[in-house]
Amino acid sequence: MSTSTHVLSTMPNSLAVDVAIIGAGPSGAIAASLLHQQGKRVLVLEKQHFPRFSIGESLLPCCMQFIEEAGMLEALNAAGFQHKNGAAFRRNGTYTTFDFTDKFTPGPGTTFQVQRASFDKLLADTAQSQGVSIRYGETVEAIDLTQNPRLTVRNEAGELYQIDAKFVLDASGFGRVLPRLLDLESPSCLPSRSAIFTHVEDNISDPSFDRNKILISVHPKHKDIWYWLIPFSHGRCSLGVVARPELLAHLEGTLEQQLLHIISEEPTLKVLLANAKVVQECATLKGYSANVSRLATDKFALLGNAGEFLDPVFSSGVTIAMQSASMAARCLTKQLNGEMVDWQADYSAPLMQGVNTFRTYVQAWYDGRFQEVIFYENPNHRIKQMISSILAGYAWDTNNPFVKDSERRLNMVVELCKNNMPIPEFEEG
């Protein structure tokens, strides 16, 4: 039994740990594993029990380096998830693909499309096998930051107890525990959108359908309505639609009827999924984009969706979660070892550099600019490699001009595409 597990098991009513982590999802499991590797006493508190359903099934290749860093790659490779090597886009009959192995930034070029229930459990179970302590069915009710952080936690029996920690990481995802308790919520700059989604037994017989790629389809009349189709390894897919609420308001019936109706408006999806059967109760997320006034102090840090969630269009959520976990773990290890850490300069600012890169392309997707680039008939191969790197999750690579100067570079290419002009090579760095 590891030292950290032994210490926690002998302190049932009041605990003292180095780091309390709220949430056992991808960011919580990765952060816990990395900190445990450094000999830190870590306790993870998870409100739910695993496995549990979660949306966001299409990983990006950038995630693989964090999974490997946490010592979880072998378990992931053995799990039998669907291989993923890129992304496919369709709009009004035009079909294009991005091969993530043909990209500008070094690093993994393939990953997996996963059912999040089993994927999240795999990461959490692997962290536990490494010696990380996880308590399921535990809800954080309050936090006191007067001195060192003190959490008030309610267990499944309804009993309250306290945890004294040197630092708290919030990996609670859409639960956004610390933003609520510490009044950190801030409006998102992105317009409100809604998603309706489910899992289907897809029964797709079209041999041209590439199960190794997520398929993103654009509504034939509304360019800011899009659909995702994420193939799994056992003949099922994650299926969803995203739109502004007012564009979904005319839909009638149950969520399943609404989803199937709007899917029928996209001709290729209608044919592709003609024999599909819904196998997961349809669900919806409304107004999901979120922001906070502060990401970190010397007492806490927000990871992944607990800090900011942009939009599902480029599957950036898990990547941002794992990137933030890795960055926070490095900073926190230094702080716990007695070194000075400037959480704004060392964590918040560099994390937001990548988040803001994703934001540029999310906004440009919905206003149509990025769609012009994606569906351009004669792309410059080097430029496509740079865009492919961002779609593969490498939004922190400032050697990539489309990361370092994302808005200006994108607008330059958009103008060239609109005027059907040759796209020149851009200098790197």
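If I go through the stretch 91-122 residue by residue, how many of them are farther than 30 Å from GLY23 by Cβ and either surrounded by 21 or more Cβ atoms within 10 Å (Cβ to Cβ) or without any contact (Cβ under 8 Å) to a residue 24 or more places away in the chain (or both)?
The initial filter retains those residues of the stretch 91-122 that are farther than 30 Å from GLY23 by Cβ, namely 91-99, 101-104, 106.
This time we only want the ones that are either surrounded by 21 or more Cβ atoms within 10 Å (Cβ to Cβ) or without any contact (Cβ under 8 Å) to a residue 24 or more places away in the chain (or both), so: 95, 98, 101, 103-104, 106.
Qualifying residue count, the stretch 91-122: 6.
Against the condition assigned to a helix (DSSP H, G or I) and either in contact with a Phe, Trp or Tyr (Cβ under 7 Å, 6 or more places away or on another chain) or open to solvent by less than 20 Å² (accessible area, probe 1.4 Å) (or both), how does LEU151 come out, does it pass? Explain how you work it out, then say what you get.
On the way: assigned to a helix (DSSP H, G or I): no; either in contact with a Phe, Trp or Tyr (Cβ under 7 Å, 6 or more places away or on another chain) or open to solvent by less than 20 Å² (accessible area, probe 1.4 Å) (or both): yes.
So LEU151 fails the test.
Evaluate the following for GLU185: is it within 30 Å of ILE143 (Cβ to Cβ), exposed (fewer than 15 other Cβ atoms within 10 Å of the Cβ) and either in contact (Cβ under 8 Å) with a residue 12 or more places away in the chain or touching a Leu at 6+ places or on another chain (Cβ under 7 Å) (or both)? It would help to see each step written out before you state the result.
Values: within 30 Å of ILE143 (Cβ to Cβ): yes; exposed (fewer than 15 other Cβ atoms within 10 Å of the Cβ): yes; either in contact (Cβ under 8 Å) with a residue 12 or more places away in the chain or touching a Leu at 6+ places or on another chain (Cβ under 7 Å) (or both): yes.
Here the answer is yes, as GLU185 does meet what is asked.
Select from the stretch 156-180 the residues that are among the small types (Gly, Ala, Ser) and part of a helix (DSSP H, G or I) and write down the one among them that is most open to solvent (accessible area, probe 1.4 Å).
My answer is GLY175.
Pairs only if they're at least six apart or on different chains, beta carbon under 8 angstrom, first in the stretch 26-40 and closer than 15 Å to SER129 by Cα, second aromatic (Phe, Trp, Tyr) and open to solvent by 10 Å² or more (accessible area, probe 1.4 Å); list them, first residue then second.
ILE30/PHE66
Enumerate the pairs (first residue in the stretch 67-90 and closer than 21 Å to LEU391 by Cβ; second residue anywhere and basic (Lys, Arg) and modelled with pLDDT of 95 or more) with beta-carbon separation below 6 Å, excluding pairs fewer than 6 apart on the same chain, so at least 6 apart or on different chains.
Correct list of pairs: GLY86/LYS213; ALA87/LYS213; ALA88/LYS213.
Of the numbered conditions (1) at pLDDT 95 or above; (2) among the charged types (D, E, K, R); (3) closer than 30 Å to GLY240 by Cα, ASP164 fails exactly one; give the number of that condition.
(3)
Limited to the stretch 262-309, what total is found for residues that are assigned to a helix (DSSP H, G or I) and at pLDDT 95 or above?
Quick first cut of the stretch 262-309, residues assigned to a helix (DSSP H, G or I) only: 262-264, 267-272, 304-306.
With at pLDDT 95 or above added as a condition, the list becomes 262-264, 267-272.
Residues in the stretch 262-309 being assigned to a helix (DSSP H, G or I) and at pLDDT 95 or above: 9 in total.
For the list (1) within 27 Å of ASN92 (Cα to Cα); (2) open to solvent by 50 Å² or more (accessible area, probe 1.4 Å); (3) of a type in the set (A, V, I, L, M), I need the number of the one condition that VAL279 fails.
(1)
Hey, GLU256 hits all of (1) in contact (Cβ under 8 Å) with a residue 60 or more places away in the chain; (2) under 28 Å from LYS84 (Cα atoms) but one; which does it fall short on?
Status for GLU256: all satisfied but (1).
Can you tell me how many residues within the stretch 117-142 are in contact with a Pro (Cβ under 8 Å, 6 or more places away or on another chain) and within 19 Å of LEU35 (Cβ to Cβ)?
Residues in the stretch 117-142 being in contact with a Pro (Cβ under 8 Å, 6 or more places away or on another chain) and within 19 Å of LEU35 (Cβ to Cβ): 2 in total.
Identify, please: which residue in the stretch 199-245 is in a loop (DSSP other than H, G, I, E, B) and of a type in the set (D, E, K, R) and is, among those, most open to solvent (accessible area, probe 1.4 Å)?
We begin by selecting, within the stretch 199-245, every residue in a loop (DSSP other than H, G, I, E, B); these are 202-212, 219-225, 232-235, 244.
Next, from what is left, pick out any that are of a type in the set (D, E, K, R): 202, 206, 210-211, 221, 223-224, 244.
Working: ASP202: 3, ASP206: 70, ASP210: 45, ARG211: 61, LYS221: 175, LYS223: 103, ASP224: 20, ARG244: 74 Å².
Among them, the one singled out is LYS221.
The values are calculated or read from the model by the stated rules, or taken from the named source; none is laboratory data. Treat the numbers as computed from the prediction; the structure is a model and nothing was measured. Please note: Cβ atoms are built from the backbone with ideal geometry, for glycine as well, and neighbour counts cover all protein chains shown. Side chains included, ligands, DNA and RNA excluded: accessible areas come from the protein's heavy atoms. Shrake-Rupley method; radii C 1.70, N 1.55, O 1.52, S 1.80 Å.
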